[in-house]
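Data block below; observations after.
The values are calculated or read from the model by the stated rules, or taken from the named source; none is laboratory data. A quick note: this is a predicted structure, and the numbers were derived from the prediction, not measured. Neighbour counts run over all protein chains shown; Cβ positions are idealised from the backbone, glycine included. Surface areas here come from the heavy atoms of the whole protein model, side chains and all, with no ligands, DNA or RNA. Shrake-Rupley method; radii C 1.70, N 1.55, O 1.52, S 1.80 Å.
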Amino acid sequence: MNDTVAAAGRTVFTGSLRRFATQTPTPQEALSRAKAARIPWLHILLALVVTRGVWLAIAVYGDQSYLHAMAQFDGSWFKGIMTRGYDIQAQGLSDGDAGNWAFFPLYPALLWLVTLGGQLNPDLTGVLLSNALLVVALGLGCRYLAITRPGASMQLFVWLTASMPYSFYFSAVYSETLFWLLCFASLIDWRCQRTGRVMLWTLLLSLTRATGVFWVIAMGIELLVRLRLFAFVELWRRPDWLLIGVMGPLGLFLFMAVLYYQTGDALAFSHVQISWGREMGNPFVNLIEGLSYWLTAPETLRPAWQASMALVGIGLMAWLGVQRRWLEMGLAGFTLFVPLATGLDAIPRYMIGMPVFVLALHDLLSRVPRSLAWMLVALGAIFNLWLVENWYDAAFWLV
Amino acid sequence: MTQHSGLSEQGAEALYAAPRIAHRQRPWLLLMTAIVLAFELSMLWLARDPQVDDHYRRYFIDHATTCYRPIGEVPVIEMGNTYAVRKGEVLGNCGVLWAGFYSPKEDQAVSARLAEVTLRLKVAPGLHQPVVVGMDLSRYPDNAEPLPVQVVVNGTLLTHWPVGGSKERFEVDIPERLIASDGSISMTLKGPPPIAPRDVGLNANKFPIGLRLDVIALHSSPRTTTQKAGE
């Protein structure tokens, strides 16, 4: 009797979850949706001008240098790589124990290119570059929305991305916007099955950030969930998928070759993380430890806040899973849990650096009344202004 | 639909379209896959054996020490005072602890990650008297049996301490001749091999932990005190 009740309960539960499930479009359909998508370029430009204008006004009012603030912390590392390449020995930070090996080469290479080999002001050019990349990324993001979420509000997505908490990273001399652009490009081309392009984008992704490597693994997860064991048969039928599998992480391996040549340690990008106090451990232990600060020492806000953000990330990841967006869920999972295993620092930054979290948030906002959704976006934008002010004051917890 | 479309909600061809790879392209794609894979495997092979110096290996790879190189002043220890050894405290810098000690956080005890670790201590220059160095030491894990730890100062073996899991105060008398003219004392502790929490089933931490050091205290040698009283 109990078994019957439990089974019925399970059926009701899975049935109620099933209504959130989305259908994946066929490649032909995806292609035609992508072509038919009307990108709100005006909104994209307006959102960027308005938000950046307000941030700039805050800097001017507070007698701060906008450009200097946007090029601080990791921006300095990127500029260092642009001007003198990768370190041979550790020398950075106050203890002289950090090298620039943690920073992947594509963004600084692009920075070198747009500053004409370092001749132009890297702060100004870097900020312009990041924002220009964001314009393209938002355009691609809207196209991806049209493919996977037909009817979803692109304007909401654009304003959410441009103004949400932590969105100032998209204006900084950071690699976030480049990563967004490449991520959307590879997601679109994967849905359209333009596999040659996917190879290129994923290679560039793994040359941009370490988390880029996870794209291929997430692709594998999607294939396994959708096709089950026949995924392996399909792999044999489609050698282009196999090639994506090895081309995806190639960027990382090329970077490893450079590091081996420079330092003698191909894994220097990972080993150097200890200089920032990052050491591989159990992500769940780190999460619980961080959350426990709310009870034991709420005045120690940083770990408690970072852990709470990780919890939000887990919720968003689960939400993608409920919608059966397996590739996006896989990307969210790897982006969250691998850094979480090494500590709680910069968790919000990892999350905002991966567009699938913003897509999940957008999916949630799409389910509430329109006016409420816009109000929440506005509240997020106001909270972001407080973060921007802290960023100008070089608050280390925002790094 | 493919013959196995019943196994998934949408079949492989419906989801991903039929393969567009021409028959003659296939060997080339497989060849390219093999070449790229061979390169990646060879990089992994090279990554197994980094060509780096000892400092790099100890700090970046083995995580055997908190400090890459000695940085920070070695502070002068006052007689009669007790010093907590923690990151952020007077004796928690890379000048004192750099060789083998690991001090992860300000609220955690400093622990050795090697069997042999060295502390750099300093007394007031020109002290001209033997001193007693006391240390609150324990060995990982908490239920570890006491095992001898050699105490070597400036290359001279002075004593053995039976250090177990429970925190205990140990003291060593350092003769005046082993204290350098600038007051510095190089004190090496050679203990049993450290143990990783993973190896004793406590948690997943793979980095070994040896001696834990909580407190250092210095006071005058009783011999000196007696001698002075006699005078």
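Taking the Cα centre of region B:68-230 as the origin and placing charges on Cβ (Lys, Arg +1; Asp, Glu -1), which of B:Gly80, B:Gly183, B:Asn93 is farthest toward the positive end of the dipole?
B:Asn93
Using only Cα atoms and rounding to the nearest 10 degrees, what angle (0 to 90) does helix A:250-263 make with the longest principal axis of chain A?
Taking the Cα atoms of chain A, the angle to A:250-263 is about 30 degrees.
What FRET efficiency would be calculated for the residue pair A:Leu364, B:Ala115, taking the C-beta separation as r and a Förster radius of 56 Å, to the nearest 0.05? Write down the numbers at each step before the final one.
Values: r = 54 Å, r/R0 = 0.96.
Using R0 = 56 Å, I get an efficiency of 0.55.
Let me make sure I get this right: for region A:132-263, a, b and c are the square roots of the gyration tensor eigenvalues over alpha carbons, sorted descending. Under 1.5 in a/c it's rounded, otherwise prolate if a/b > b/c, else oblate. Which is it? List each step's numbers first, then the result.
Values: a/c = 2.48, a/b = 1.18, b/c = 2.10.
Since a/c reaches 1.5 but b/c is at least a/b, the shape of region A:132-263 is classed as oblate.
Over region A:222-350, what percent of the accessible surface lies on carbon and sulfur atoms, probe 1.4 Å? Walk me through the numbers on the way to the answer.
Numbers: 3710 of 5090 Å².
Here it works out to 73 percent.
Apply the a/c threshold of 1.5 to the C-alpha gyration tensor of region B:5-48 and tell me whether it is rounded, prolate or oblate.
Numbers: a/c = 5.50, a/b = 1.86, b/c = 2.96.
In terms of gyration-tensor shape, oblate.
What does the structure give for A:104-113 when I average, per residue, the other chain Cβ atoms found within 10 Å of the residue Cβ? Working shown, then result.
Details: counts 0, 0, 0, 0, 0, 0, 0, 0, 0, 0.
Averaged over the peptide's residues, the number is 0.
Over chain A, with a Gaussian network built from C-alpha contacts below 10 Å, which listed residue (A:Leu331, A:Leu311, A:Leu340) shows the highest mean-square fluctuation?
Judging by the Gaussian network model, the answer is A:Leu311.
Rounded to the nearest 20 Debye, what is the dipole magnitude of the protein assembly as shown about its Cα centre when Lys and Arg each give +1 and Asp and Glu each give -1 at the C-beta? It would help to have the intermediate numbers written out before the result.
Working: 49 positive and 46 negative charges, 526 e Å.
Dipole of the protein assembly as shown, to the nearest 20 debye: 2520 debye.
Within 10 Å of each Cβ of A:235-247, how many other protein chain Cβ atoms are there on average? Please list the in-between numbers first.
Numbers: counts 0, 1, 7, 9, 11, 8, 5, 7, 8, 1, 3, 10, 4.
If you average over the peptide's residues, the count of other-chain Cβ atoms is 6.
Name the shape class, rounded, prolate or oblate, that the alpha-carbon gyration tensor gives for chain B, where a ≥ b ≥ c are the square roots of its eigenvalues, rounded holds for a/c under 1.5, and otherwise prolate holds if a/b is larger than b/c and oblate otherwise.
Judged from the Cα gyration tensor, chain B comes out prolate (a/c at least 1.5, a/b above b/c).
Can you work out the FRET efficiency for the pair A:Trp41 and A:Leu17, with r the C-beta to C-beta distance and R0 = 60 Å, to the nearest 0.05? Mind dumping the intermediate values first?
Values: r = 37 Å, r/R0 = 0.61.
According to the calculation, E is roughly 0.95.
Taking θ = phi - 60°, what integer Hz values does the Karplus form 6.51 cos²θ - 1.76 cosθ + 1.60 yield along region A:102-118, in sequence order, with x for Gly and Pro?
6, 9, 6, x, 5, 5, x, 5, 5, 4, 4, 5, 6, 8, 6, x, x
Averaging sequence separations of C-alpha pairs under 8 Å and six or more residues apart, then dividing by the length of chain A, give the relative contact order as a whole percent.
Values: 521 pairs, mean separation 81.2, N = 399.
Worked out over chain A, it gives 20 percent.
What percent of all Cα-Cα pairs in region A:25-398 falls in each 10 Å bin, counting up from 0?
5, 22, 35, 27, 10, 1, 0
Based on the Cβ-Cβ distance of A:Trp386 and A:Tyr61, what FRET efficiency does E = 1/(1 + (r/R0)^6) give at R0 = 25 Å, to the nearest 0.05? Could the numbers behind the result be given before it?
Details: r = 14 Å, r/R0 = 0.57.
Efficiency at R0 = 25 Å is approximately 0.95.
Please compute, for peptide B:53-63, the average count of beta-carbon atoms on other protein chains lying within 10 Å of each residue's beta-carbon.
Values: counts 2, 0, 3, 8, 2, 0, 6, 14, 6, 1, 4.
Mean shielding count: 4.
Could you tell me which Cys residues in the protein assembly as shown have no other cysteine's Cβ under 4.7 Å from their own Cβ, answering none if every one has a partner?
A:Cys142, A:Cys183, A:Cys192
Going highest first, how would you order A:116-123, A:79-86, A:313-320 by mean Cβ packing within 10 Å? Walk me through the intermediate numbers first.
Values: A:116-123: 14.1, A:79-86: 17.5, A:313-320: 19.4.
Averaged packing, sorted descending, gives the order A:313-320, A:79-86, A:116-123.
Can you list the residues, at least 5 places off or on another chain, whose amide H is less than 5 Å from the amide H of B:Val149, using H built in the peptide plane?
HN-HN under 5 Å from B:Val149: B:Trp161, B:Val163.
State, to one decimal in nm, how far the label point of A:Gln91 lies from the label point of A:Gln262, with both points 7 Å from Cα in the Cβ direction.
The modelled label-to-label distance comes out at 1.2 nm.
For chain A, set up a GNM with springs between Cα atoms under 10 Å and report which of A:Gly248, A:Gly62, A:Gly290 has the largest fluctuation.
Maximum among the listed residues: A:Gly62.
Hey, what angle do you get for helix A:176-191 against the long axis of chain A, alpha-carbon based, 0 to 90 degrees rounded to 10?
30 degrees
Please give the helix B:26-48 orientation as an angle from the longest Cα principal axis of chain B, in degrees from 0 to 90, rounded to the nearest 10.
10 degrees
Quick one: buried accessible area between B and A, total over both chains, 1.4 angstrom probe, nearest 100 Å²? Mind showing how you got there, number by number?
Numbers: alone 14280 and 18580 Å², together 28360 Å².
Summing both sides, the interface buries roughly 4500 Å².
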